[in-house]
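Enquirer: Got a structure here, written out as C-alpha cells. Questions coming.
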Amino acid sequence: MKSFERDIIMNILQWHHVCATDDIDEEDVIEFAHEGKLYAVYHTASGFYATAGTCTHETARLADGFVFGEIIECPMHMGRFDIPSGKAQGAPVCVNLATHPVKTEGGSVFIGLEVK
Ligand code: FES
C-alpha cells in the first residue's frame, strides 16, 4: 500500500471502543453493535480482528459461532471463514465477510469504521 493510500484510509476511519483486551479470551469472539450494524470482534493467537457480524450465507450472528485458530465457524450451518481475511472457506458459504481494522491501545480494543 502506498503512503498516500494509507493516509486516505486513515482519514476516513473513526475508531470506536469495543471492550478491554481481556474481555475477549483467546480463540473467542464477541459482538459489537454500532449504528444498527453488527460486527464480530475476535481474539486469536495472532491478535485481534473484526469482521461483519452476520454470516453471508443467511442471517446467523457470528458471535454465537466457534473460533478454531483463525477460523470462525457459523453456528447455523457450520460455514467457515478465515478471520483475518474474511475469506469464505467453502460450502455453504461462498461470499467473503467484510473485514475492519482493529487496534489495541491502553488495554482497550478499538474497531475502525468508515465515516459515512
Ligand atoms: Fe452461516 Fe448458513 S447462516 S452457514
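Enquirer: Kindly indicate whether F66 is within 16 Å of the ligand (Cβ to nearest atom) and over 13 Å from the mean Cα position of the chain (by Cα). Spell out how you get there, then give the answer.
Expert: Details: within 16 Å of the ligand (Cβ to nearest atom): yes; over 13 Å from the mean Cα position of the chain (by Cα): yes.
Yes.
Enquirer: Let me ask another. Could you check, for segment 86-94, whether at least one of its residues is among the small types (G, A, S), in contact with a Leu (Cβ under 6 Å, 6 or more places away or on another chain) and within 16 Å of the ligand (Cβ to nearest atom)? Break it down stepwise before answering.
Expert: First pass over segment 86-94, keeping only residues among the small types (G, A, S): 86, 88, 90-91.
Of the ones still in play, those that are also in contact with a Leu (Cβ under 6 Å, 6 or more places away or on another chain) are 86.
Checking the rest, the ones that are also within 16 Å of the ligand (Cβ to nearest atom) come to 86.
The answer is yes; a qualifying residue exists.
Enquirer: Grab the strands (runs of 3 or more DSSP E) fully contained in segment 25-116, keeping just those with 1 or more residues being within 21 Å of L13 (Cα to Cα). If you could, list the steps in order and put the result at the bottom.
Expert: Numbers: elements: 28-34, 37-44, 47-52, 66-68, 71-73, 80-82, 102-105, 108-114.
By residue number, 28-34, 37-44, 47-52, 102-105, 108-114.
Enquirer: Do any residues in segment 10-33 that are among the hydrophobic types (A, V, I, L, M, F, W, C) have Cβ atoms under 7 Å from those of residues that are surrounded by 12 or more Cβ atoms within 10 Å (Cβ to Cβ) and in a loop (DSSP other than H, G, I, E, B), where the two are at least six apart or on different chains, and which pairs are they?
Expert: L13/P101; V29/G65; I30/I24
Enquirer: Go through P101, P84, P92, P75 for me and flag whichever is touching a helix residue (DSSP H, G or I) at 6+ places or on another chain (Cβ under 6 Å) and surrounded by fewer than 18 Cβ atoms within 10 Å (Cβ to Cβ).
Expert: Values: P101 fails: touching a helix residue (DSSP H, G or I) at 6+ places or on another chain (Cβ under 6 Å); P84 fails: touching a helix residue (DSSP H, G or I) at 6+ places or on another chain (Cβ under 6 Å); P92 fails: touching a helix residue (DSSP H, G or I) at 6+ places or on another chain (Cβ under 6 Å).
After applying the criteria, what remains is P75.
Enquirer: Report every pair of residues separated by at least 6 positions or lying on different chains whose Cβ atoms are under 6 Å apart, first residue within segment 56-79 and more than 22 Å from E26 (Cβ to Cβ) and touching a residue at least 24 places away in the same chain (Cβ under 8 Å), second small (G, A, S) and within 12 Å of the ligand (Cβ to nearest atom).
Expert: Here the result reads H57/G79, each pair linking segment 56-79 to a residue that is small (G, A, S) and within 12 Å of the ligand (Cβ to nearest atom).
Just so you know, all these numbers are worked out from the coordinates, no wet-lab data involved. For clarity, every value in this text was computed on a predicted model and none was experimentally measured. Here the Cβ is made from the backbone with ideal geometry for all residues, glycine too, and neighbour counts use every protein chain on show.
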